[in-house]
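Worksheet: one structure, shown below.
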């Protein structure tokens, strides 16, 4: 059975970590097995937290937990994801949010997409069949505006780049983070731009999304920051043609990047 590494970025999450660790201890192995995978490890990456996050991770006894504590100051969600992927030992990595806004029970949908031929599968709140619960109206409209702008600037057809639920073969994920330049929230856009430019098939899968009002992300300011980063990515990777993965990085992967 293929193995799975959960990669979970965390910054100042002492309030939400206990609930996450409880869910992981109680049901993660069974849920992951239901997707035809074996849970190998849970990599929770502390992104330089200043609260009790690191202490919780250092003392937690959750099975298969491997805290990643090398980021001594806050660098951004993209940097935390990259740090986790670099240490991942599973055959696949699954990006997960601390609040499990997309429950692990949605994993079989992503795995089915990969089994059907996709190279990577991403959860989406913006395609037919998706269910979004409890999200404030202004956040939904900002999300639509942001993703529409992303499609216009980058040329990729993905309707929801920012859902924190992405399943990627580890070999591909490691190659993508090796050339990643964006440490912040826009890292998802860069990852998908590079994968798309290299010819990998991206499956956008409708998922359940449960908004957590305790999120510390300031949506308006974060959206402006992401748009700034996306403009830079669009120029560097699309206009100047820098999105392609190095030829050597595709060894053993399914997409053809020979042209």
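Hey, could you check region 151-160 for residues that are in a helix (DSSP H, G or I) and in contact with a helix residue (DSSP H, G or I) (Cβ under 8 Å, 6 or more places away or on another chain) and say which is nearest to residue 90 (Cα to Cα)?
That would be 154.
Collect the residues in region 28-46 that are touching a strand residue (DSSP E or B) at 6+ places or on another chain (Cβ under 6 Å) and part of a loop (DSSP other than H, G, I, E, B), keeping them in residue-number order.
Passing the criteria: only 37.
Scanning for something out of contact with any strand residue (DSSP E or B) (no Cβ under 9 Å at 6 or more places or on another chain), assigned to a helix (DSSP H, G or I) and either surrounded by fewer than 20 Cβ atoms within 10 Å (Cβ to Cβ) or modelled with pLDDT under 95 (or both), does region 110-130 turn up at least one residue?
Checked region 110-130: at least one residue is out of contact with any strand residue (DSSP E or B) (no Cβ under 9 Å at 6 or more places or on another chain), assigned to a helix (DSSP H, G or I) and either surrounded by fewer than 20 Cβ atoms within 10 Å (Cβ to Cβ) or modelled with pLDDT under 95 (or both).
When you look at residue 75, is it out of contact with any helix residue (DSSP H, G or I) (no Cβ under 8 Å at 6 or more places or on another chain) and farther than 21 Å from residue 222 by Cα, yes or no?
No; evaluated as a whole, the condition is false for this residue.
Taking only region 161-210 into account, find how many residues are over 20 Å from residue 41 (Cα atoms) and part of a loop (DSSP other than H, G, I, E, B).
Within region 161-210, residues that are over 20 Å from residue 41 (Cα atoms) and part of a loop (DSSP other than H, G, I, E, B) number 16.
Under 7 Å between Cβ atoms, at least 6 apart or on separate chains: pull out the pairs that start in region 68-80 with a residue that is under 18 Å from residue 94 (Cα atoms) and end on any residue that is at pLDDT 95 or above and assigned to a helix (DSSP H, G or I).
From region 68-80, the pairs are 68/83; 68/84; 68/87; 77/187; 78/187.
Being more than 13 Å from the chain's Cα centre (by Cα) and over 19 Å from residue 202 (Cα atoms), is that true of even one residue in region 106-129?
no
From 107, 100, 94, 120, which residue is touching a helix residue (DSSP H, G or I) at 6+ places or on another chain (Cβ under 7 Å) and at positive phi?
None of the other options fit; the residue is 100.
Which of the residues belonging to region 222-236 are closer than 19 Å to residue 196 by Cα and either in contact (Cβ under 8 Å) with a residue 60 or more places away in the chain or in contact with a strand residue (DSSP E or B) (Cβ under 8 Å, 6 or more places away or on another chain) (or both)?
Across region 222-236, the qualifying residues are 230, 231, 233, 234.
Looking at 142, 107, which is the one that is in contact (Cβ under 8 Å) with a residue 60 or more places away in the chain, within 28 Å of residue 51 (Cβ to Cβ) and assigned to a helix (DSSP H, G or I)?
142
This table checks each residue for (1) part of a helix (DSSP H, G or I); (2) over 13 Å from residue 100 (Cβ atoms).
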site	(1), (2)
5	no, yes
20	yes, no
26	yes, no
54	yes, yes
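What about residue 67, is it surrounded by 16 or more Cβ atoms within 10 Å (Cβ to Cβ) and either more than 23 Å from residue 211 (Cβ to Cβ) or modelled with pLDDT under 95 (or both)?
Yes.
Does residue 258 fit the bill of being modelled with pLDDT under 90 and either part of a helix (DSSP H, G or I) or under 13 Å from the mean Cα position of the chain (by Cα) (or both)?
Against the criterion (modelled with pLDDT under 90 and either part of a helix (DSSP H, G or I) or under 13 Å from the mean Cα position of the chain (by Cα) (or both)), residue 258 does not qualify.
The values are calculated or read from the model by the stated rules, or taken from the named source; none is laboratory data. These figures come from a predicted structure and were not determined experimentally. Every residue, glycine as well, gets a Cβ built from its backbone with ideal geometry; the counts of neighbours run over all protein chains shown.
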